[in-house]
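Just below is one structure, and these are the notes that go with it.
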Amino acid sequence: MPLCFNTAADYLEAAREMAVSGRSALARLLAEEAADRTSDRREAARILREFPGPSLRQED
């Protein structure tokens, strides 16, 4: 079954799963996407604090 990410909560859940499995870089990327999809700035900041580190995104 393919993964389907529609909401910030979907991305955050996946980020937590990746963190538990030792995939911290992927966890950070998923957390950044969750934060971007969160309209509340405080919640977005809390999400990023849960997954510390510099942004791993590469812009085109």
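For the reader, a short list of remarks on this structure follows.
- Residue in segment 26-40 that is part of a helix (DSSP H, G or I) and farther than 23 Å from GLN58 by Cβ present: no
- Scanning segment 15-25 for residues that are under 20 Å from GLN58 (Cα atoms) and assigned to a helix (DSSP H, G or I) turns up ALA15, MET18, SER24, ALA25.
- Single residue of segment 1-43 satisfying the filter (touching a residue at least 24 places away in the same chain (Cβ under 8 Å) and of a type in the set (Ser, Thr, Tyr)) that is surrounded by the fewest Cβ atoms within 10 Å (Cβ to Cβ): THR7
Laboratory data are not the source of any read-out in this text; all were calculated from the coordinates shown. Please read all numbers here as calculations on a predicted model, not as lab measurements. With ideal geometry, Cβ positions are generated from the backbone for all residues, glycine too; neighbour counts draw on all protein chains shown.
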